2 protein chains.
Amino acid sequence: MIDFSSVKKASKSLSLATKEQKNLALKNVANALIENALLIERENEKDLEIAKANGLKESMIARLTLKKAQIEAIASDILKVIELDDPVGEVLEDFVSRDGLKIKKVRVPLGVIGVIYEARPNVTVDVSSLCIKTGNACVLKGGKEAVNTNKILVQIIKGAISSVISQDAVMLLEDRTAADELLKAKGYVDLIIPRGSKNLINHVVENATVPVIETGAGVCHTYVEKSADFEMAIKIIDNAKTSKPAVCNALETVIIDRAIAKEFCPIIEKFANLKGVKIHADSDALNYISGDFIDESGYSIEYNSLEMSVKIVDDIDGALEHISTHSTKHSECIISTDKAKIDKFLSSIDSACVYANASTRFSDGGCFGMGAEIGISTQKLHARGPMGLKEITSYKYVIEGNGETR
Amino acid sequence: MIDFSSVKKASKSLSLATKEQKNLALKNVANALIENALLIERENEKDLEIAKANGLKESMIARLTLKKAQIEAIASDILKVIELDDPVGEVLEDFVSRDGLKIKKVRVPLGVIGVIYEARPNVTVDVSSLCIKTGNACVLKGGKEAVNTNKILVQIIKGAISSVISQDAVMLLEDRTAADELLKAKGYVDLIIPRGSKNLINHVVENATVPVIETGAGVCHTYVEKSADFEMAIKIIDNAKTSKPAVCNALETVIIDRAIAKEFCPIIEKFANLKGVKIHADSDALNYISGDFIDESGYSIEYNSLEMSVKIVDDIDGALEHISTHSTKHSECIISTDKAKIDKFLSSIDSACVYANASTRFSDGGCFGMGAEIGISTQKLHARGPMGLKEITSYKYVIEGNGETR
């Protein structure tokens with residue numbers, strides 16, 4: 001049995017820490033990472049050797065690697081977090097009730113946040129710093145591929161914060177059993193954020209009794225409406241699909257109005273050939289474009305690579321229907337010059353981010369001006385879309401009276 | 001297998017309904033309830049007969065009863081909901097991003113809200129009207145004691161709304177198996193709110209894969225700090241304990257500083273004798289006051305009746321510690337004239353509503369100016385404390401560009 005009482009206790013004192021204390025703790029972490037860069041590289045080497053021996057994919061190994069440059073980048077991200085406004089203590093509402101009570105709605109930390117993630121060890125530092133900044137303690141469960149790297153990172157973080165705040169404010173879990181205990185740690189943990197594969201997220205949702213925010217599943221659509229500017233359309237599709245195919249805000253499906261399919265599909269095909277993008281399509285779409293056959297269920301696949309689906313629809317209602325069926329409610333876009341169609345799309349689509357004439361790749365805390373991001377929520381409760389500092393806080397009502405009774 | 005696809009479909013069109021359409025649907029419901037009062041009373045009689053035959057408690061039967069007066073009160077509550085501002089469509093943020101995108105954060109309905117509740121059939125109408133007002137469809141699972149009443153109420157609601165919005169926007173589930181399917185209806189239901197006993201809430205939390213907001217568990221504390229005005233203290237304790245003992249914002253435990261215990265406990269005893277309040281206390285507190293013995297675990301009991309616990313502490317840290325251990329994070333109060341102690345209490349207590357010198361009975365959507373309430377959240381995610389119309393909405397980002405790529 002894992003004991004979560006010390007992280008809970010640490011969250012209480014951390015919730016009362018001043019902005020200056022939290023920023024000092026973060027400054028110490030940034031410095032300690034730089035000072036211990038060699039140590040981190042050495043531990044990271046162990047993980048890399050195991051990964052190579054296990055035949056891990058090149059892209060996974062790249063994500064796992066921490067050299068001096070990456071460590072400096074991580075430390076510099078912490079300095080950026082220090083510069084952000086501390087949302088804790090913000091007065092969201094302030095009023096006198098009908099009974100004469102002075103009521104304030106005040107932003108407070110959530111408490112203890114559990115984050116379960118895969119390979120990338122920079123997440124260990126990112127999550128720790130965002131949580132410390134917002135007065136939240138955190139419980140981290142990283143991927144087993146990064147176990148040595150995560151251990152040394154958390155050891156360095158704990159040492160660096162301990163002169164200012166409790167080192168128990170950051171806790172690392174080391175095995176899968178521990179993660180399953182985290183999911184049931186009601187009363188100790190206030191929120192769990194799973195970041196990673198669909199399987200990981202489903203496992204968390206199925207088993208957690210602690211509240212969960214689902215993140216990152218992104219079957220994102222771009223709909224080319226018949227009035228679209230083709231040049232703009234292909235520029236946006238290219239960017240949304242190829243600029244970073246592995247991320248959740250990348251495009252997975254292009255939907256095209258039948259009226260322009262004959263004209264626009266060859267343009268798509270040309271782009272796909274040029275950029276090495278593989279096309280999947282149902283039998284209807286294969287009349288307009290060449291590609292691999294998929295049935296209806298194929299349109300729910302998140303490729304996360306240089307592959308995409310193409311769907312032909314009769315009109316905007318067909319596009320809305322297709323998106324409603326296959327979307328993970330992350331980000332969708334309409335490309336159109338018809339204001340009525342754009343307005344209909346923007347109001348009807350039930351996703352975190354709905355675009356007209358821009359790449360879905362902008363669904364990102366940085367692009368939205370949040371300064372940092374702990375994940376992108378695809379559920380509707382609490383936070384939707386990119387989650388920055390405010391999104392990992394809660395609030396409480398502080399009520400001052402003078403003997404009032406009801 | 002229950003089919004939730006029609007309620008999901010109805011939620012989509014309801015989410016696009018205008019304020020006028022939603023208010024017209026509500027007006028129709030209010031009228032239909034008045035017109036069908038006799039029919040409702042007749043069905044309610046069936047439930048009452050079964051309840052009496054089963055020996056249900058007087059208080060439960062009172063809560064189950066719907067006569068003309070109650071039906072009129074319910075209809076008049078709907079008229080009040082009509083008068084409230086429609087939160088849907090509110091622009092929460094509106095800015096131009098660093099990339100030149102026009103980004104709006106817009107309030108939208110949550111989608112489909114499931115509510116699982118016990119005995120009181122007025123909840124059936126209250127929840128339906130709050131959901132319709134906010135563009136949410138709802139799935140209702142009422143108590144089996146009210147099955148006939150709930151059936152006729154939902155039948156009347158469906159008939160009344162059907163000329164304006166889809167009658168599928170309100171769905172009634174009739175048995176426990178159906179409720180368990182509701183808990184797993186991910187992709188169809190966006191939120192489940194359990195209202196009722198601790199057992200009911202725990203069952204929902206343990207089994208739901210749909211996000212849950214826990215409500216209503218209220219072990220509320222009032223702490224009499226040594227500088228307190230005794231007259232104010234007893235007035236607040238009396239109100240918090242006896243004005244409506246069955247509700248979640250009622251007082252369960254009085255905490256008293258040891259320095260004033262000898263002087264204040266006789267005052268508490270006198271009040272308790274006068275108002276018929278039974279006192280529970282641990283062996284330490286029994287040195288100061290007479291009552292039934294409880295051990296530490298007894299302080300976690302929510303009596304919901306004319307019973308209360310008394311705890312003696314050495315100082316404010318002892319009070320904070322006791323509350324941290326036993327509170328359900330609903331509402332707590334300090335009675336004090338010492339500003340430093342008050343500030344410490346208000347900032348340290350991690351509950352939805354923290355009071356200085358006022359009755360915890362004010363933790364209520366009406367008292368907080370929300371106009372209506374769907375429950376009182378005791379968790380920190382999404383909504384905390386009284387939940388009004390805004391608290392059953394979400395938001396989405398609407399982004400307009402002109403061909404921007406990242």
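The values are calculated or read from the model by the stated rules, or taken from the named source; none is laboratory data. Every value quoted in this text rests on a predicted model; they were computed, and no experiment measured them. Every residue, glycine among them, receives a Cβ derived from its backbone with ideal geometry; neighbour counts consider all protein chains shown.
Only one of A:45, A:49 is closer than 11 Å to residue A:148 by Cβ and loosely packed, with under 14 Cβ neighbours inside 10 Å. Can you tell me which?
The conditions single out A:49.
Run residue B:402 past the list (1) within 11 Å of another protein chain (Cβ to nearest Cβ); (2) closer than 26 Å to residue B:246 by Cβ; (3) surrounded by fewer than 22 Cβ atoms within 10 Å (Cβ to Cβ) and report the number of the one that doesn't hold.
(2)
Pull up the range B:237-284, narrow it to residues that are β-branched (Val, Ile, Thr) and within 22 Å of the chain's Cα centre (by Cα), then point me to the one that is modelled with the lowest pLDDT. It would help to see each step written out before you state the result.
From the range B:237-284, those β-branched (Val, Ile, Thr) are B:237, B:242, B:247, B:253-256, B:260, B:267-268, B:277, B:279; that's our starting set.
Okay, now just the ones that are also within 22 Å of the chain's Cα centre (by Cα), so B:237, B:242, B:247, B:253.
Details: B:237: 98, B:242: 97, B:247: 89, B:253: 98.
Top of the filtered list is B:247.
Could you tell me which numbered condition residue B:90 fails, if it satisfies all but one of (1) surrounded by fewer than 17 Cβ atoms within 10 Å (Cβ to Cβ); (2) out of contact with any strand residue (DSSP E or B) (no Cβ under 6 Å at 6 or more places or on another chain)?
(2) is the only condition that residue B:90 fails.
Just give me the residues in the range B:319-351 being of a type in the set (A, V, I, L, M, F, W, C), more than 9 Å from chain A (Cβ to nearest Cβ) and not in a helix (DSSP H, G or I), in sequence order.
Matches in the range B:319-351: B:334 only.
Collect the residues in the range A:135-163 that are crowded, with 20+ Cβ neighbours inside 10 Å and under 13 Å from residue A:14 (Cα atoms), keeping them in residue-number order.
Listed by number, the residues that qualify are A:135, A:136, A:137, A:138, A:161.
Could you list, in sequence order, the residues of the range A:103-140 that are farther than 22 Å from residue A:376 by Cβ and in contact with a Phe, Trp or Tyr (Cβ under 8 Å, 6 or more places away or on another chain)?
A:103, A:104, A:105, A:106, A:108
Can you name the condition, by its number, that residue B:368 falls short on among (1) within 24 Å of residue B:380 (Cα to Cα); (2) of a type outside the set (A, V, I, L, M); (3) in the same structural domain as residue B:233 (by TED's automatic domain parsing)?
(3)
When you go through (1) within 17 Å of the chain's Cα centre (by Cα); (2) surrounded by fewer than 22 Cβ atoms within 10 Å (Cβ to Cβ) one by one for residue B:60, which number turns out not to apply?
That leaves (1) as the condition not met.
Which of the strands (runs of 3 or more DSSP E) contained wholly in the range A:46-121 include at least 2 residues that are over 18 Å from residue B:352 (Cα atoms) and either in contact (Cβ under 8 Å) with a residue 24 or more places away in the chain or in contact with a helix residue (DSSP H, G or I) (Cβ under 8 Å, 6 or more places away or on another chain) (or both)?
Working: elements: A:91-96, A:102-109, A:112-117.
Once the strands (runs of 3 or more DSSP E) in the range A:46-121 are filtered for at least 2 residues that are over 18 Å from residue B:352 (Cα atoms) and either in contact (Cβ under 8 Å) with a residue 24 or more places away in the chain or in contact with a helix residue (DSSP H, G or I) (Cβ under 8 Å, 6 or more places away or on another chain) (or both), what remains is A:112-117.
Is at least one residue of the range B:240-258 touching a Cys at 6+ places or on another chain (Cβ under 9 Å), of a type in the set (Gly, Ala, Ser) and in the same structural domain as residue B:270 (by TED's automatic domain parsing)? Write out each step before concluding.
Of the range B:240-258, the ones touching a Cys at 6+ places or on another chain (Cβ under 9 Å) are B:240, B:248-253, B:256.
Remaining after also requiring of a type in the set (Gly, Ala, Ser): B:240, B:250.
Going one step further and asking which of them are in the same structural domain as residue B:270 (by TED's automatic domain parsing), we end up with B:240, B:250.
Yes - at least one qualifying residue is present in the range B:240-258.
Could you please give the count of residues in the range A:81-124 that are closer than 30 Å to residue A:46 by Cα and away from chain B (no Cβ under 14 Å)? Write out each step before concluding.
Taking the range A:81-124 and keeping what is closer than 30 Å to residue A:46 by Cα, we get A:81, A:113-124.
Pick out the ones that are also away from chain B (no Cβ under 14 Å) and you get A:81, A:115-124.
Qualifying residue count, the range A:81-124: 11.
Within the range B:173-181, identify whether any single residue is surrounded by fewer than 22 Cβ atoms within 10 Å (Cβ to Cβ) and either within 12 Å of residue B:138 (Cβ to Cβ) or within 14 Å of chain A (Cβ to nearest Cβ) (or both), and answer yes or no.
There is at least one residue in the range B:173-181 that is surrounded by fewer than 22 Cβ atoms within 10 Å (Cβ to Cβ) and either within 12 Å of residue B:138 (Cβ to Cβ) or within 14 Å of chain A (Cβ to nearest Cβ) (or both).
Considering only residues that are assigned to a helix (DSSP H, G or I) and over 19 Å from residue A:301 (Cα atoms), which ones fall in the range A:220-237?
Listed by number, the residues that qualify are A:230, A:231, A:232, A:233, A:234, A:235, A:236.
Check off (1) part of a strand (DSSP E or B); (2) within 14 Å of chain B (Cβ to nearest Cβ) for residue A:203 and give me the number that stays unchecked.
(1)
Quickly run through the range A:180-221 and pick out the residues that are within 20 Å of the chain's Cα centre (by Cα), more than 21 Å from residue A:123 (Cβ to Cβ) and in contact (Cβ under 8 Å) with a residue 12 or more places away in the chain.
Across the range A:180-221, the qualifying residues are A:219, A:220, A:221.
I'm trying to understand the selection: among the residues of the range B:281-298, which are under 24 Å from residue B:227 (Cα atoms) and buried (at least 18 other Cβ atoms within 10 Å of the Cβ)? So that I can check it myself, show each step before the final result.
Within the range B:281-298, the subset under 24 Å from residue B:227 (Cα atoms) is B:281-282, B:284-290.
Of everything in the range B:281-298, those that are under 24 Å from residue B:227 (Cα atoms) and buried (at least 18 other Cβ atoms within 10 Å of the Cβ) turn out to be B:281, B:282, B:285, B:288, B:289.
Filter the range B:255-280 down to residues that are assigned to a loop (DSSP other than H, G, I, E, B) and loosely packed, with under 12 Cβ neighbours inside 10 Å, then give me how many there are. If you could, list the steps in order and put the result at the bottom.
Going through the range B:255-280, the residues assigned to a loop (DSSP other than H, G, I, E, B) turn out to be B:276-277.
So of that shortlist, the ones also loosely packed, with under 12 Cβ neighbours inside 10 Å come out as B:276.
So the answer is 1.
Name every residue in the range A:352-399 that is more than 8 Å from every other protein chain (Cβ to nearest Cβ) and aliphatic (A, V, I, L, M), in order of residue number.
Result: A:370, A:372, A:374, A:376, A:383, A:387, A:389, A:392.
Among the residues of the range B:176-200, write down those that are touching a strand residue (DSSP E or B) at 6+ places or on another chain (Cβ under 7 Å) and part of a helix (DSSP H, G or I).
Of the residues in the range B:176-200, the ones touching a strand residue (DSSP E or B) at 6+ places or on another chain (Cβ under 7 Å) are B:178-179, B:182-183, B:188-196, B:200.
Those that are touching a strand residue (DSSP E or B) at 6+ places or on another chain (Cβ under 7 Å) and part of a helix (DSSP H, G or I): B:178, B:179, B:182, B:183, B:200.
Taking the range A:303-316 only, how many residues are crowded, with 18+ Cβ neighbours inside 10 Å and either at pLDDT below 95 or assigned to a loop (DSSP other than H, G, I, E, B) (or both)?
So the count comes out to 1.
Look through the range B:230-244, keep the residues that are surrounded by fewer than 18 Cβ atoms within 10 Å (Cβ to Cβ) and in contact with a Lys or Arg (Cβ under 9 Å, 6 or more places away or on another chain), and return whichever of them is nearest to the other protein chains (Cβ to nearest Cβ). Please lay out each step first, then the result.
Of all residues in the range B:230-244, those surrounded by fewer than 18 Cβ atoms within 10 Å (Cβ to Cβ) come to B:230-231, B:235, B:243-244.
From what's left, in contact with a Lys or Arg (Cβ under 9 Å, 6 or more places away or on another chain): B:243-244.
Details: B:243: 6, B:244: 8 Å.
If we take residues in the range B:230-244 being surrounded by fewer than 18 Cβ atoms within 10 Å (Cβ to Cβ) and in contact with a Lys or Arg (Cβ under 9 Å, 6 or more places away or on another chain), then B:243 is nearest to the other protein chains (Cβ to nearest Cβ).
I'd like to verify a number: residues in the range A:290-302 that are assigned to a strand (DSSP E or B) and among the hydrophobic types (A, V, I, L, M, F, W, C), how many?
We begin by selecting, within the range A:290-302, every residue assigned to a strand (DSSP E or B); these are A:292-293.
With the extra rule that they be among the hydrophobic types (A, V, I, L, M, F, W, C), the set shrinks to A:293.
Number of matching residues: 1.
Which pairs do you get when a residue that is assigned to a loop (DSSP other than H, G, I, E, B), found in the range B:152-175, comes within reach of a residue that is surrounded by fewer than 20 Cβ atoms within 10 Å (Cβ to Cβ) and of a type in the set (A, V, I, L, M, F, W, C), reach meaning Cβ atoms under 8 angstrom, with the pair 6+ apart or on two chains?
The qualifying pairs are B:164/B:24; B:174/B:147.
Just need a number here: residues in the range A:192-216 that are closer than 19 Å to residue B:203 by Cα and either surrounded by 17 or more Cβ atoms within 10 Å (Cβ to Cβ) or of a type in the set (Ser, Thr, Tyr) (or both). Steps first, please.
Step one: list which residues in the range A:192-216 are closer than 19 Å to residue B:203 by Cα, which gives A:204-212.
After this cut, where a residue has to be either surrounded by 17 or more Cβ atoms within 10 Å (Cβ to Cβ) or of a type in the set (Ser, Thr, Tyr) (or both) as well, the list is A:204-205, A:208-212.
Total meeting the criteria: 7.
Is it true that some residue in the range B:338-354 is within 26 Å of residue A:96 (Cβ to Cβ), among the polar types (S, T, N, Q) and surrounded by fewer than 23 Cβ atoms within 10 Å (Cβ to Cβ)? Step through it out loud before you land on a result.
As a first pass, look at the range B:338-354 and keep what is within 26 Å of residue A:96 (Cβ to Cβ): B:338-354.
Now drop any that are not among the polar types (S, T, N, Q), which leaves B:347-348, B:351.
Next, from what is left, pick out any that are surrounded by fewer than 23 Cβ atoms within 10 Å (Cβ to Cβ): B:347-348.
The answer is yes; a qualifying residue exists.
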